[in-house]
Structures are given as C-alpha cells and as structure tokens.
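First comes the structure, then the notes that go with it.
The values are calculated or read from the model by the stated rules, or taken from the named source; none is laboratory data. Computed from a predicted model, the values in this text were never measured in an experiment. FYI the Cβ positions are ideal-geometry reconstructions off the backbone, even for glycines, and counts take in every protein chain you see. When the accessible area is computed, the model is the full protein with side chains, heavy atoms only, and any ligands, DNA or RNA have been set aside. Shrake-Rupley method; radii C 1.70, N 1.55, O 1.52, S 1.80 Å.
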Amino acid sequence: MVRRFDHVGGMSSTDTPPLKAVIIPVTAFQQNCTLLWCTKTMRGAFVDAGGDLDRLKAAAAQHGVTIEKLLVTHGHIDHCGGTGILAEQLGVPIEGPHPDDRFWIARLGDDGRAYGIEGRPFEPDRWLYDGDQVTVGDLVLDVIHCPGHTPGHVIFHHAPSKLALVGDVLFQGSIGRTDFPRGNHEDLIASITKKLWPLGGETAFVPGHGPMSTFAHERAGNPFVGDRAVAG
C-alpha cells in the first residue's frame, strides 16, 4: 500500500506545500521507501530504494515526478539493496550514506542472497557527512549523522516542512536495533536525544518501518528514549 502525505509547515491550507511525498513499503521487510518531490519543479528523489523497483518507478510516473537522485540513510539490504540497480536504470546519482557504512554496502550481494532480496554493491556519487545539505529540485534538506543502528547512518531533515526521514534510528514506540556489526546502543541514544530532539517536537518523521510519528509523541511515551525513560 502506498501512503501519501503533504507537509505544509507553517503555511496556510490554501497554499501549495513546497514538499510532497508518498511512502512506498518495499521488500519482505516492508521498508518505508519515500518518494519526495519539490512541488515547484516536480523533481524528486527516492529515499532508501531497497527493492520492488518497478513499483517505485510506477509511483514516480503516477505523480508526474522526475527522479533526479537517490538518497540513502544507511547500508542495510532492505534500505539500499536496489539503489545501485535503480540508479543505473534511471541514470541518476546516489547520495549517502556516511562512509562508515561502506562495509555494509560492500556486502549487499551476500546479504541479498541470504534474505532473498536482490542486492548489488555500489559506490555513492557523494558520501554524506554531518552538516551537509542535499537538494531535491529547489528543496534543501539538512544531513545529520546519527550513528548507533549502523555507524554511517544519516537522516534527512527539511526544516520548512517540519519533516525528518530517519531510517532505522527511531520508530513509533521503539528505536533501532544495535546488535548488528558495529552497532552501538549508547551512540544511538545520543543520536536521538542530542540530534533529533533539538529539531523540535512538532517535527513529524518517517521511520524505516511502520507508521509515522512526531518527536513530541516519542518524547512523551517512547519507552526507550522518552523523557521519562532517559531521566530514569
């Protein structure tokens, strides 16, 4: 099922939001691939094109979006197994993740065979670092390095829309796993509380799996990183 949402930020409901997006769950892991686009230029990007590439291309065509790049939050197979293949098909560059996830991307072929997902290693056209920015049409998204789930995990934040795409760092009611190679629980907690929370409670986020939430909602009740849990 494709889920659509429009982010308006502080604009009135009669205005066209600068960013629109749809969530397209892909692979057997139902990973949230996001198609986001600039409403002014109708140029867009896929964030975490893990698989089901025909469905992704059909979604872009349905919404009249020209894909200009692929963005990657981290190197796990369900998030980027198909990214190199799709980039080749569309003739577009790949940006992200942070280079500390290079070892994950290098093993995409093996991981794909293990999990029954087509995976191909790739070299991003641009590795991303904390404080970088990426553009999609006329949109500018901030890049924040959030290690813990993987060492090279990044998230994308569009401040005017109060929207963050956080991959597997944070979920509604939960947090990312840290038992994978080079995962680190302390780093993950610090990434969430010191890098995500300051973006503001009203910020909505797309997690790597499951429904959207807001940072305020998670601070109020997330049993792992809510204010009460962290204080205790």
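Brief remarks on what is shown
- Of the residues Thr83, Ala60, Thr73, the one whose Cα sits farthest towards the positive end of the charge dipole of the chain is Ala60 (charges of +1 on Lys and Arg Cβ, -1 on Asp and Glu Cβ, taken about the Cα centre).
- Estimated dipole of region 56-129 in Debye, rounded to 20 [Cβ of Lys and Arg +1, of Asp and Glu -1, Cα centre]: 120 debye
- Theoretical FRET efficiency, 1/(1+(r/R0)^6), r = Cβ-Cβ of Arg102 and Thr16, R0 35 Å, to 0.05: 0.35
- Using a probe of 1.4 Å, the accessible surface attributed to His185 totals some 80 Å² when neighbouring protein chains are kept in position.
- Out-of-range pairs (alpha-carbon distance over 24 Å; input Lys40/Lys194; Lys162/Lys194; Lys40/Lys195; Lys20/Lys162): Lys40/Lys194; Lys40/Lys195
- Residue separation of Asp130 and Ser174 scaled by 0.36 nm, minus their Cα-Cα distance, works out to 13.5 nm of gained length.
- Charge dipole of the chain (Cα centre as origin; +1 on each Lys and Arg Cβ, -1 on each Asp and Glu Cβ, all else neutral): 380 debye, rounded to the nearest 20.
- Per-residue HN-Hα couplings for region 113-119 [Karplus 6.51, -1.76, 1.60; θ = phi - 60°; Hz; x = Gly/Pro]: 5, 5, 9, x, 10, 5, x
- Residues whose amide H lies under 5 Å from that of Gly51, counting only those 5 or more places away or on a different chain, are Gly82; hydrogens are built 1.01 Å from N in the peptide plane.
- Estimated vicinal HN-Hα couplings, Hz - region 81-92 in sequence order (Karplus 6.51, -1.76, 1.60; Gly, Pro = x): x, x, 5, x, 5, 5, 4, 5, 5, 8, x, 10
- Carbon plus sulfur fraction of accessible area for the chain, probe 1.4 Å, in percent: 50 percent
- Label-point separation in nm, Met42 to Tyr115, each point 7 Å along Cα→Cβ: 3.5 nm
- Taking Lys and Arg as +1 and Asp and Glu as -1, the other residues whose beta-carbon sits under 13 Å from that of His145 total -4.
- For Ser174, neighbours were defined as the other residues whose beta-carbon sits under 13 Å from its Cβ, and their charges (Lys and Arg +1, Asp and Glu -1) total -1.
- Charged-residue dipole, Cβ positions (Lys, Arg, Asp, Glu), region 164-232 about Cα centre, Debye nearest 20: 60 debye
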